Amino acid sequence: MDHTDHPTATLPGDVRIPLLGFGTWQATGDAGFKAVLAALDAGYRHIDTATMYGNEEEVGRAVRESGLRREDVFITTKLPPERAGRERETIEASLRALDVEQVDLWLVHWPPSDAGALIPIWREMLAARDAGLARAVGVSNFSTAQIDELIQATEENPAVNQIKWSPRLYDRQRHVEHRDRGVVLEGYSPFKTSDLSDPVLTRIAAAHNVSPAQVVLRWHLDHEIVAIPKSVTPERIRANADIFGFSLTAEEIRDIDALGGS
Ligand SMILES: NC(=O)c1ccc[n+]([C@@H]2O[C@H](COP(=O)([O-])OP(=O)(O)OC[C@H]3O[C@@H](n4cnc5c(N)ncnc54)[C@H](OP(=O)(O)O)[C@@H]3O)[C@@H](O)[C@H]2O)c1
């Protein structure tokens, strides 16, 4: 399937985020470069990195060497909140490392330990977006209450909240809270928090002739939740992107939701 057919969600500013992205935490150095290049070759058009991952240079080099046009690859990076007060120099360093003029999405990696820094950081994120350094800005590991604080202070909702998510962590109420606030839910660690030998997942995988890992990713997409699986193994990189040839029935989605117990 051509990547242009990949499903997307729309962020404020009419920015389209592909629902399938490629995670790069712990994919560093040459292994990280090769993994991102393999991912782009396998059809991913969305790469998730962070200042903290120490691989922005490799991600940028892989995007360039892929031969794809910059505008065809969605790039996310993240601000470590202890850089509060140095937000602008941090994103400028990210842009230099990635060798791009702007990122598509810039996230606050986790809430600052000093709650008083929350709103000032968010204002700096918005200012960077307004200056064109990021097309959209959002958060990661934020509670709904913390998201509400941002909205109350600035009337600007984060485009995305990237949080740990998987069938076992499924929380319908939390998803609804994001939707109600216009915040796209982006899930991370889909496999690390899954039991891929769970009988519900293996039964549904067998019914579609796919793997339980592919079922987990397809379940995210069928809920319109962004998934960013990570792998440095070429066949897994390819298999994790090969999830557009089937979809889950409403009953299968309900059975998988029930693994979260909510
Ligand atoms: N915002 C945050 O605080 C935060 C925190 C954690 C993660 N993230 C982001 O989310 C991404 C994904 O999360 P993650 O890296 O924690 O975990 P993950 O994607 O759930 O799992 C990665 C692990 O699963 C293995 N794997 C990959 N495909 C598989 C498959 N088809 N079957 C079985 N095992 C498979 C990988 O092994 P191999 O690599 O050896 O193939 C690796 O050990 C990260 O890379 C990062 O970009 C963000």
When residues of region 159-190 are limited to those that are touching a helix residue (DSSP H, G or I) at 6+ places or on another chain (Cβ under 8 Å) and assigned to a helix (DSSP H, G or I), the one surrounded by the most Cβ atoms within 10 Å (Cβ to Cβ): PRO167
Filter region 124-141 down to the residues that are touching an Asp or Glu at 6+ places or on another chain (Cβ under 9 Å) and either aromatic (Phe, Trp, Tyr) or exposed (fewer than 14 other Cβ atoms within 10 Å of the Cβ) (or both), then identify the one that is nearest to PRO229 (Cα to Cα). GLY132
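Which one is farthest from the ligand (Cβ to nearest atom), of the residues in region 2-15 that are assigned to a loop (DSSP other than H, G, I, E, B) and at negative phi? Steps first, answer last, please.
From region 2-15, those assigned to a loop (DSSP other than H, G, I, E, B) are 2, 6-7, 12-14; that's our starting set.
Keeping just the survivors that are at negative phi gives 2, 6-7, 12.
Values: ASP2: 22, HIS6: 18, PRO7: 19, PRO12: 20 Å.
Result: ASP2.
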Restricted to region 196-230, and to residues that are part of a loop (DSSP other than H, G, I, E, B) and within 24 Å of ALA35 (Cα to Cα), which residue is most open to solvent (accessible area, probe 1.4 Å)? LEU196
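Kindly establish whether ALA145 is more than 24 Å from SER94 (Cα to Cα), without any contact (Cβ under 8 Å) to a residue 12 or more places away in the chain and either open to solvent by 10 Å² or more (accessible area, probe 1.4 Å) or assigned to a helix (DSSP H, G or I) (or both).
Values: more than 24 Å from SER94 (Cα to Cα): yes; without any contact (Cβ under 8 Å) to a residue 12 or more places away in the chain: yes; either open to solvent by 10 Å² or more (accessible area, probe 1.4 Å) or assigned to a helix (DSSP H, G or I) (or both): yes.
When the stated conditions are applied, ALA145 passes them.
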Matching residues in region 98-119 - criterion: being open to solvent by 30 Å² or more (accessible area, probe 1.4 Å) and within 30 Å of ARG69 (Cβ to Cβ): ASP99, GLU101, GLN102
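Residue-wise test of (1) more than 16 Å from the ligand (Cβ to nearest atom); (2) in contact with a helix residue (DSSP H, G or I) (Cβ under 9 Å, 6 or more places away or on another chain); (3) part of a loop (DSSP other than H, G, I, E, B); (4) of a type outside the set (S, T, N, Q).
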{"position": "ILE17", "(1), (2), (3), (4)": "no, no, no, yes"}
{"position": "TRP25", "(1), (2), (3), (4)": "no, yes, yes, yes"}
{"position": "VAL36", "(1), (2), (3), (4)": "no, yes, no, yes"}
{"position": "LEU40", "(1), (2), (3), (4)": "no, yes, no, yes"}
{"position": "VAL63", "(1), (2), (3), (4)": "no, yes, no, yes"}
{"position": "GLU71", "(1), (2), (3), (4)": "yes, no, no, yes"}
{"position": "THR76", "(1), (2), (3), (4)": "no, no, no, no"}
{"position": "THR90", "(1), (2), (3), (4)": "no, yes, no, no"}
{"position": "ALA93", "(1), (2), (3), (4)": "yes, yes, no, yes"}
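Kindly indicate whether any position in region 126-138 is in a helix (DSSP H, G or I), at pLDDT 95 or above, within 20 Å of LEU185 (Cα to Cα) and not acidic (Asp, Glu).
Of all residues in region 126-138, those in a helix (DSSP H, G or I) come to 126-130.
Within this subset, residues satisfying the condition of being at pLDDT 95 or above are 126-130.
If we keep only those that are within 20 Å of LEU185 (Cα to Cα) too, we end up with 126, 129.
Filter once more, so that each one left must be not acidic (Asp, Glu): 126, 129.
Checking region 126-138: at least one residue is in a helix (DSSP H, G or I), at pLDDT 95 or above, within 20 Å of LEU185 (Cα to Cα) and not acidic (Asp, Glu).
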Given the conditions (1) in contact (Cβ under 8 Å) with a residue 60 or more places away in the chain; (2) over 20 Å from ALA239 (Cα atoms); (3) charged (D, E, K, R); (4) open to solvent by 50 Å² or more (accessible area, probe 1.4 Å), report the number of the one that ARG83 does not fulfil. (1)
Please go through region 231-262 and give me each residue that is outside any helix (DSSP H, G or I), open to solvent by 20 Å² or more (accessible area, probe 1.4 Å) and over 20 Å from ALA206 (Cα atoms), ordered by number. VAL232, THR233, GLY261, SER262
Between residues in region 44-63 that are open to solvent by 10 Å² or more (accessible area, probe 1.4 Å) and residues that are among the acidic types (Asp, Glu), which pairs lie under 7 Å by C-beta distance while being six or more apart or on different chains? ARG45/ASP72
Per the filter on region 221-239, residues over 16 Å from VAL183 (Cα atoms) and either charged (D, E, K, R) or more than 6 Å from the ligand (Cβ to nearest atom) (or both) are ASP222, LYS230, PRO234, GLU235, ARG236, ILE237, ARG238
In region 78-88, which residue that is among the basic types (Lys, Arg) and in a helix (DSSP H, G or I) is nearest to GLY116 (Cα to Cα)? ARG83
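The values are calculated or read from the model by the stated rules, or taken from the named source; none is laboratory data. In this text the structure is predicted, and so the values were computed from the model without any measurement. Neighbour counts are summed over all protein chains in view; Cβ atoms, including those assigned to glycine, are modelled from backbone coordinates with ideal geometry. We work out accessible area using only protein heavy atoms, side chains counted, and drop any ligands, DNA or RNA first. Shrake-Rupley method; radii C 1.70, N 1.55, O 1.52, S 1.80 Å.
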